[in-house]
Every structure is written in C-alpha cells, then in structure tokens.
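Report on the following structure.
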Amino acid sequence: MHHFHYSQGGLFVEDVSLQSLAEKHGTPLYVYSKGTITSHFTRLDAALSGLDHLICYAVKANSNLAVLATIARLGGGFDIVSGGELYRVIKAGGDPRKCTFAGVGKTREEIAYALDQGIYCINAESEAELRHINQIAGELGKKAPVAVRVNPNVDAKTHAKITTGKSENKFGVDFENILDVYARAAAECQHLELRGLQMHIGSQLTSVEPFVEAVRKVVPLVQEVKARHGIQFFSIGGGIGINYRQSLDSGPESWWQENENLHPLTIQAYADAVTPLLQPLGLRILCEPGRFMVGNAGALITRVLYEKRGAAKIFKIVDAGMNDLIRPTLYEGWHQIVPLKQPATGEVEKADIVGPICETGDFLAQNRELPPVQAGDYLAVLSAGAYGFTMASNYNTRPMPAEVLVDGAKATVVRERQTLDDVLKGERVE
C-alpha cells in the first residue's frame, strides 16, 4: 500500500508533486509518505488485536528521526541492532522500555548503555553473549532483562543474503540447545532476568507458510521455557514482505482492494494464520516489522543526466548511484522505476538505468522497459523507503541525499543534503 499516484499529469506523493520537490531540493532525493507509514502501522496493529502484542519497528530499515518519531507517536516500540540506533530512538522520543536489542556482536559499551536506559530486553544470540551480559549487569549493579534468540532451522525461501533462520546462518542458538542454555543461565547467571524468547527467520517473505512453519515448531519450545522460567513474551520477529510492483493509477484505499492479489502475503492473512497458534501461550507477542512499515512509503528521485546508445544497449545515466541505493547491486533488488511526468502513450524502450559510480555494478535497473526519457527528465525509484538511505555511503566522495517527509500537503526536509565539507569532517592532513 502506498500514497504515490499520478495526478494532473505528474507523480504525486499524498498531495505534493514530486517534480516540485525535485526542483526545489535537487536530486538524488529521498521522499517518504507519512500517511503510508501510519496506515501500515495501524493496519498491522488492528490485525493483531486478538493478541497482547507490541509492534517493535526494525530501526535498521529506515532510521530517520522523523520516521522514528512517527512510529513512537503511534505507540510503537523499536527493534534495535546497535547502541547508535537506541540513541536515535531516544532522540526521536521513543521509549527504551519498548525497545529490544538484537544482533550477534554487541559491545560492552552498547550493552551497558542499553541497561542504563532501561531497555525492555536484550536478545542474546549465543551463550557467550549471555554470560557477557551477566558480567556487565553485575558490574553495574543491575538485573539485565534477556531473551535468547532461537534458530529454528526453517527455510524462509527468500534471498540468501537476508535469510536468518537456517542452521548455517550466524544468528541465534540452535533449536536443540535452547533449553540447556536457559537452564545454565538460570543456574549460573544471577544478574539476568529471563524475560522472553525470540526468533526471526528472514526478510521479504511473500508467503505465510514459512511463518506458520516456524511458529508451529517453536511454540512447544516456548511453552516449555515458560513453564520452567516464567518468561513474559515471545517475539516472532519480522520479515513481512512488500509488493515492489505498485499500481499508480488509484488512491491508497482502492489500492488495497485492487492489488492485494499481486502479493500473496497480506497482513490479514498473516494475522489470521499466526494468531490462533499464539493465543494459547498467554504471553505478550512481539512483532518486529521493518521493510513492511516503510518500504513502500519511500521513493528515490533521480535526474537523467545523459543517454548513451551503444551497439548492445541503451543506457540512461542518472545522478543516483549504488552509493545512494545499493539494493539492486547487493541483493539483485528489483525496484519499479517511473517518470515523474505521466506518460502520454504506452510507448516504451528497453534500457539500463545506471549511475555515475565508477563500478560496473552501479545500476538501478537492467534491461528495463520504461517510457522514453531524455536528459533533464526525472525518474522515481519506488519502494525505496527501506534499506535505501540507511545503507547509503559516501563512496566516490559523494554527499548523501536529502530526505523529505510528506504529510498531506506539507513537505518537510527531515535531513539536509550533505555538503562536501560534511563528508570531509573529521579528516586531517598529517
């Protein structure tokens, strides 16, 4: 679901022309729809109403302070993977008591910071980490709330680089060892509070079956851990996928009715499948969506610099590169790319949309059919709200793009474009 649509001959986000934003703020430019983020949160929250639940947004998907503040005001919690992300959440008005801290390599400083801020739970991914948390908590005179992440060895059937729930992945503790790990922690780690159990099987799942398989497998384990250690919650992770092929001809509400058949995993199907399995646990259920919350809420706006027609291909060279959006290069990620001016005809041509980075892998799309565009025209790379700016870099000494949040007819710059002085800040000539 999204709030991007053609109107008056141009592409709009909510009530704002993207052409006007590009001309005012320059490109590359990230633009986000507050209405889309809000709608996704409230729809998921309502779908899970049959459970005592907390939605913990995965900050790594999009960590802009304005995005985090939007979710905090809706009552959401946060799933963080670094001390820096916790710092962001607090700066945005989020509540540390609604935060869970994941990740396999937390440092002493990060763990101490999380405990000092009163975090809801630290999700440990190894027994060694549990013992490290226990030591730090003892030194601080605190009781550390922890959960162990179980690796259920379930194939999420997603991209190899974003699967997390198989035994060969680096995440979590093997399913067969969980009860022993909890038993040793209870007996030997007096500075730990065993508060929950967590799992996560991967990202961009487009079918409900892997979720059901994982929950069915882990629920008996959760029941046993609850009986032995009195845990309070079970986190089922995130991973809900989005539709990267969007309709731009209808409003957001009609989009839900007309286009859900394009994407087999809907929020209601997800909730209907997992709720009956989770209700008997009598535990608080945590859900950690990231991409679902913000992916379709964002677009990367770029300008065509040149056209190059070679013997083998047509290249549309744009001013956004793999440093601005690395998903196509890193994950073979597919993004719908459309002109900001509504095409007058159905004419298309096949081209590669490539950036200015000095790498062969610097492309946004290959062999893509799109309406003819010329130098000076603008394109929108859709569904770029997740793992776009957060994975951007200054490679080739390129300043980071600006970010704009649109709320109805209001457009606010929520991150200024970097200058070259910003990029070089902190460097010294010997």
- Task: Evaluate the following for Ala402: is it on the phi < 0 side of the Ramachandran plot, of a type in the set (Gly, Ala, Ser) and touching a helix residue (DSSP H, G or I) at 6+ places or on another chain (Cβ under 7 Å)?
- Result: yes
- Message: Residues to consider are His25, His40; find the one that is over 20 Å from Gly94 (Cβ atoms) and outside the structural domain of Gly93 (by TED's automatic domain parsing).
- Response: His25
- Message: Suppose we filter region 8-24 for residues that are outside any loop (DSSP other than H, G, I, E, B) and either in contact with a helix residue (DSSP H, G or I) (Cβ under 7 Å, 6 or more places away or on another chain) or within 11 Å of Gln342 (Cβ to Cβ) (or both); how many remain?
- Response: 4
- Single match in Tyr270, Tyr331 (criterion: under 26 Å from Gly237 (Cα atoms), assigned by TED's automatic domain parsing to the domain that holds Gly77 and not charged (D, E, K, R)): Tyr270
- region 75-97 - residue that is of a type in the set (D, E, K, R) and either part of a strand (DSSP E or B) or in contact with a Phe, Trp or Tyr (Cβ under 6 Å, 6 or more places away or on another chain) (or both) and, of those, farthest from Asp45 (Cα to Cα): Arg97
- Message: For region 382-395, check the following and say yes or no: at least one residue is of a type in the set (Val, Ile, Thr), touching a residue at least 60 places away in the same chain (Cβ under 8 Å) and buried (at least 18 other Cβ atoms within 10 Å of the Cβ).
- Response: no
- Item | In region 116-133, residue farthest from the chain's Cα centre (by Cα) [restricted to those that are more than 13 Å from Arg195 (Cβ to Cβ) and either surrounded by 20 or more Cβ atoms within 10 Å (Cβ to Cβ) or not assigned by TED's automatic domain parsing to the domain that holds Ile90 (or both)] | Glu129
- Message: Among the numbered criteria (1) within 15 Å of the chain's Cα centre (by Cα); (2) surrounded by 24 or more Cβ atoms within 10 Å (Cβ to Cβ); (3) of a type outside the set (Lys, Arg); (4) not in a helix (DSSP H, G or I), which one does Val31 miss?
- Response: (1)
- Quick one: which residue in Gly77, Gly84 is under 16 Å from Leu286 (Cβ atoms) and assigned by TED's automatic domain parsing to the domain that holds Gly118? Gly77
- Message: When you scan region 320-341, do you find a residue that is over 24 Å from the mean Cα position of the chain (by Cα) and among the polar types (S, T, N, Q), even just one?
- Response: no
- Note on the structure: Only one of Ser20, Ser7 is surrounded by fewer than 20 Cβ atoms within 10 Å (Cβ to Cβ) and at pLDDT below 95, namely Ser7
- Name the one entry in Gly103, Gly94 that is surrounded by fewer than 23 Cβ atoms within 10 Å (Cβ to Cβ) and of a type outside the set (Lys, Arg). Gly103
- Message: As an exercise: evaluate Ala351 against (1) at pLDDT 95 or above; (2) surrounded by fewer than 19 Cβ atoms within 10 Å (Cβ to Cβ); (3) more than 27 Å from the chain's Cα centre (by Cα); (4) hydrophobic (A, V, I, L, M, F, W, C) and give the number of the one condition it does not meet.
- Response: (2)
- Item | Flag if Ala69 is free of Cβ contacts under 8 Å to residues at least 60 places away in the same chain and not β-branched (Val, Ile, Thr) | yes
- If you take the residues in region 411-423 that are in contact (Cβ under 8 Å) with a residue 12 or more places away in the chain and not in a loop (DSSP other than H, G, I, E, B), which one is surrounded by the most Cβ atoms within 10 Å (Cβ to Cβ)? Ala411
- Task: With respect to Arg368, determine if the residue is farther than 21 Å from Val31 by Cα, of a type in the set (Lys, Arg) and crowded, with 16+ Cβ neighbours inside 10 Å.
- Result: yes
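The values are calculated or read from the model by the stated rules, or taken from the named source; none is laboratory data. Just so you know, these numbers come straight off a predicted model, no measurement behind them. So basically every Cβ, Gly included, is an ideal-geometry build from the backbone, and we count neighbours across all protein chains shown.
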